Amino acid sequence: MYPLKKGSIARQAHVGLPAGTYEEEHGRKGCYGKSAHLYHAHPPTGWVRFEGPLRPHCLDLNRVEPSDLGDREGMPVAVLGNRDIEIYVSRRSEPMPFYYRNADGDELIFVHRGAGVIETDFGPLHFEKGDYIVMPRAVTYRVVPESSDNFFLIVQSRTEFGPPEKGLLGQHALYDPAVITTPEPDAHLDDRREWEIRIKAENQISKVVYPFNPLDVVGWKGDLTVWKINMRDIRPIMSPRVHLPPSAHSTFVTEGAVVCTFLPRPLEQDEDAMRVPFFHRNTDYDEFIFYHDGDFFSRDNIKAGMATLHPRGIHHGPHPKALLNQKKKTHTDEYAVMLDGLNPIHVLPAGEQVEWKEYWSSWVEKK
């Protein structure tokens, strides 16, 4: 079916909007399916009241205090989730006195703050701020921080995390696979003590105790392993003439979710091109964004360590100030992790405790 064109429109999406209009993208399958661009006389987020559970959410995850913050025996806490993925916060300040194995899902660990070593079956990996660590299901590991102020965002998925299809862009787009780091075996032998492994399965913990260190692997081979990449090694796709959709920044894919990374980049140079994210109403995905660092110019009153959740069915897009200032900036200065969930993502009790309940009102223009 060829696109139909009715009324006052832009000849091309996100470029040369009719004077006084606000463009909205109404699409399916994220940014991959059919879409329509609607040209409104008012901002689609120009509401003045909001009732019901489908409001946009904002969580200050800096205020989350999982039990591992002050207790070596503690664990991360889940703040959001659905049947495909769960999002946890860990604030571990001391080395784990046990090993951990997640049999419920694969994990993507993002290091928001901190540095140290994560010991695994395959060997140790040093971690630092900005690292993504891919931890396959049922790998045994132990976090040994070297700093006391640490913050890990952990995404648990029912299925594996892998790279996105790069298609015409080629295998070196977004990041060269050569920058991926994998561990070298470093067996822990003869430490003459008992070690406990905590295994999570069906959200219950079982404990297995060995009279030796279970990380006694002296070699490994295969195509399944722990690996990591740092944000600084991701090279964003850019266009000087049109604002690209979030899918252009995809970093990982898993069944039921896509993870994107937003990084500093030059803004569009074409005078007619939009420079801020366009208004859209996700109809097949919920959008979660974790704000890692920088100046989040499309959002007001958002700081590092906060997260937003925009459910399907309601509009979201730039705050009023961003629309006014979009032509004044030449570059973005923001680092953020976005996750689009195929099934509705729910705020869990630990997330509700740190929620800014009036976030919906941040789009209301001040008189």
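Things to note:
- Flag not set for ARG299, criterion: modelled with pLDDT of 85 or more and farther than 21 Å from ARG241 by Cβ.
- Unique match (being in contact with a Lys or Arg (Cβ under 9 Å, 6 or more places away or on another chain) and touching a residue at least 24 places away in the same chain (Cβ under 8 Å)) among PHE110, PHE161, PHE122, PHE151: PHE151
- Some residue of the range 334-343 being surrounded by fewer than 18 Cβ atoms within 10 Å (Cβ to Cβ), of a type outside the set (S, T, N, Q) and in contact (Cβ under 8 Å) with a residue 40 or more places away in the chain: no
- Yes/no for PRO44 being in a loop (DSSP other than H, G, I, E, B) and surrounded by 19 or more Cβ atoms within 10 Å (Cβ to Cβ): yes
- The range 347-367 residues that are in the same structural domain as PHE50 (by TED's automatic domain parsing), paired with ones that are in a loop (DSSP other than H, G, I, E, B) and at pLDDT 95 or above (beta carbon under 8 Å, 6 or more apart): ALA350/VAL64; ALA350/PRO66; GLY351/VAL64; GLN353/VAL64; VAL354/VAL64
- For the range 1-15, a residue qualifies if it is surrounded by 14 or more Cβ atoms within 10 Å (Cβ to Cβ) and either in contact (Cβ under 8 Å) with a residue 60 or more places away in the chain or of a type in the set (Asp, Glu) (or both), and the qualifying residues are ALA13, HIS14, VAL15.
- Put simply, of HIS37, HIS14 the only residue that is on the phi > 0 side of the Ramachandran plot and in contact with a His (Cβ under 8 Å, 6 or more places away or on another chain) is HIS14.
- Considering only residues in the range 78-126 that are polar (S, T, N, Q) and modelled with pLDDT of 95 or more, the one that is farthest from PHE152 (Cα to Cα) turns out to be ASN82.
- Hits in the range 23-41 (condition: under 14 Å from SER8 (Cα atoms) and assigned to a loop (DSSP other than H, G, I, E, B)): ALA41
- Any hit, the range 305-318, residues being at pLDDT below 80 and not assigned by TED's automatic domain parsing to the domain that holds ALA78: no
- Residue list for the range 342-367, filter: more than 13 Å from HIS57 (Cβ to Cβ) and under 16 Å from the mean Cα position of the chain (by Cα): LEU342, ASN343
- Any hit, the range 49-65, residues being among the aromatic types (Phe, Trp, Tyr), within 26 Å of GLU358 (Cβ to Cβ) and not assigned by TED's automatic domain parsing to the domain that holds PHE151: yes
- Of all residues in the range 205-254, those being over 16 Å from the mean Cα position of the chain (by Cα), closer than 27 Å to PRO177 by Cβ and either in a strand (DSSP E or B) or without any contact (Cβ under 8 Å) to a residue 12 or more places away in the chain (or both) number 6.
- Any chance GLY30 is outside the structural domain of PRO318 (by TED's automatic domain parsing), surrounded by 15 or more Cβ atoms within 10 Å (Cβ to Cβ) and in contact (Cβ under 8 Å) with a residue 40 or more places away in the chain: no
- Identity of the residue in the range 235-252, surrounded by 17 or more Cβ atoms within 10 Å (Cβ to Cβ) and touching a strand residue (DSSP E or B) at 6+ places or on another chain (Cβ under 7 Å), that ends up farthest from GLN12 (Cα to Cα): PHE252
The values are calculated or read from the model by the stated rules, or taken from the named source; none is laboratory data. Just so it is clear, the model here is predicted, and its values are computed rather than measured. Here the Cβ is made from the backbone with ideal geometry for all residues, glycine too, and neighbour counts use every protein chain on show.
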